[in-house]
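Only one structure is covered here, and it is reproduced in the block below.
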Amino acid sequence: MTFLFEPEATVGIPIVGSDALFPVRRVYCVGRNYAAHAREMGFSDREPPFFFCKPAGAIVVVPTDTTVDVPFPSRTDNLQHEIELVVAIGSAGRDIATESAADHVFGYGVGLDMTRRDLQFAMRDKGRPWEIGKAFDRSAPIAPLCPVAAFGHPAGQAIWVQVDGVDRQRSDVSQLIWSVPEVIANLSTYFALEPGDLIYTGTPEGVGKVERGQTMRGGIDGLGTLSVRMV
Ligand code: MN
């Protein structure tokens with residue numbers, strides 16, 4: 001049997017120090033995982049983690065030292081940047097214990113959870129799904145991944161993003177309300193995790209609007225940077 005038409009190709013993310021690509025399976029995202037960001041969104045700072053998803057096709061690979069042009073999305077007057085630590089899962093598991101969760105991590109990356117905030121809030125306020133605000137085309141730019149062997153695990157590295165050279169978000173990854181092992185453990189009670197899964201772990205405070213023509217440059221110290229221009 002053949003496919004009726006050519007299926008969409010698997011998205012592959014470059015890996016620092018390797019010629020292999022990381023094949024993307026699912027993209028999970030954590031909401032409100034930095035206290036100061038939860039407060040700026042109008043919530044208290046300690047609630048159980050919650051999750052939403054983006055399609056793998058939302059990934060935009062941003063090679064090192066390259067600015068990638070991304071078309072400004074439709075139907076929004078309030079496109080916002082969320083700079084995030086991304087976990088790349090390397091081995092399968094369900095009901096993973098927090099103590100062994102790090103063993104399931106292949107590596108880490110820096111990504112942007114681009115958000116049509118006006119649509120997200122309109123849906124949120126009506127108790128409706130967030131997809132039109134979060135899961136749109138090209139809403140998940142990401143830099144090449146660093147294997148654990150090269151980067152280690154997050155330990156207080158700075159996370160930041162600038163828009164046209166001006167600081168917008170600046171924090172450090174130790175400020176996560178739910179740590180990477182806790183996120184993996186909790187997420188794996190809802191979904192069986194598989195190699196190729198990505199987890200965007202949430203954004204610190206300072207989220208803000210991006211306009212056409214502006215360039216976002218963000219990074220996590222020791223892990224990488226990425227640069228995206230909205231066009
Ligand atoms: Mn986010």
Would you say LEU145 is away from the ligand (no atom under 16 Å from the Cβ), closer than 24 Å to GLU8 by Cα and surrounded by 21 or more Cβ atoms within 10 Å (Cβ to Cβ)? yes
One residue from GLY196, GLY202 being within 15 Å of GLY31 (Cα to Cα), among the small types (Gly, Ala, Ser) and in contact (Cβ under 8 Å) with a residue 12 or more places away in the chain: GLY202
Scan the range 41-67 for residues that are at pLDDT 90 or above and not in a strand (DSSP E or B) and jot them down. PRO49, PRO55, ALA56, GLY57, ALA58, VAL62, PRO63, THR64, ASP65, THR66
Residue among ILE220, ILE184, ILE132 that alone is within 16 Å of the ligand (Cβ to nearest atom), in contact with a helix residue (DSSP H, G or I) (Cβ under 6 Å, 6 or more places away or on another chain) and of a type outside the set (Ser, Thr, Tyr): ILE132
Evaluate the range 130-149: report whether one residue or more is modelled with pLDDT under 95 and either more than 18 Å from ASP197 (Cβ to Cβ) or not in a loop (DSSP other than H, G, I, E, B) (or both). yes
Report, by residue number, each residue of the range 15-35 that is closer than 21 Å to ASP197 by Cα and either more than 13 Å from the ligand (Cβ to nearest atom) or free of Cβ contacts under 8 Å to residues at least 40 places away in the same chain (or both). ILE15, VAL16, GLY17, SER18, ASP19, ALA20, LEU21, PHE22, PRO23, VAL24, ARG25, ARG26
Take the conditions in contact with a helix residue (DSSP H, G or I) (Cβ under 7 Å, 6 or more places away or on another chain), outside any strand (DSSP E or B) and of a type in the set (A, V, I, L, M, F, W, C) and apply them to ILE96. Does it pass? yes
Test: VAL110 is modelled with pLDDT of 95 or more and within 16 Å of the ligand (Cβ to nearest atom): yes
Tell me the residue from ALA97, ALA102 that is away from the ligand (no atom under 16 Å from the Cβ) and under 23 Å from ILE220 (Cβ atoms), please. ALA102
Given the conditions (1) exposed (fewer than 14 other Cβ atoms within 10 Å of the Cβ); (2) touching a residue at least 24 places away in the same chain (Cβ under 8 Å); (3) not small (Gly, Ala, Ser), and given that LYS126 satisfies all but one, which numbered condition is not satisfied? (2)
If you check VAL110, VAL87, which single one turns out to be out of contact with any Gly (no Cβ under 7 Å at 6 or more places or on another chain) and either charged (D, E, K, R) or surrounded by 24 or more Cβ atoms within 10 Å (Cβ to Cβ) (or both)? VAL87
Can you tell me how many residues in the range 188-225 are more than 15 Å from the chain's Cα centre (by Cα), crowded, with 21+ Cβ neighbours inside 10 Å and outside any strand (DSSP E or B)? 1
Filter the range 59-76 down to the residues that are of a type in the set (Val, Ile, Thr) and within 16 Å of the ligand (Cβ to nearest atom) and list them by number. ILE59, VAL60, THR76
Report, by residue number, each residue of the range 12-37 that is of a type in the set (A, V, I, L, M, F, W, C), in contact with a Lys or Arg (Cβ under 9 Å, 6 or more places away or on another chain) and at pLDDT 95 or above. VAL27, CYS29
Residues ALA56, ALA38: which one is aliphatic (A, V, I, L, M), surrounded by 15 or more Cβ atoms within 10 Å (Cβ to Cβ) and within 14 Å of the ligand (Cβ to nearest atom)? ALA38
Residue among SER171, SER139 that alone is surrounded by fewer than 21 Cβ atoms within 10 Å (Cβ to Cβ), closer than 18 Å to ARG32 by Cα and within 16 Å of the ligand (Cβ to nearest atom): SER171
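The values are calculated or read from the model by the stated rules, or taken from the named source; none is laboratory data. What you see is a predicted model; the values in this text were computed from it and never measured. Cβ atoms come from the backbone with ideal geometry, glycine included; neighbour counts cover every protein chain shown.
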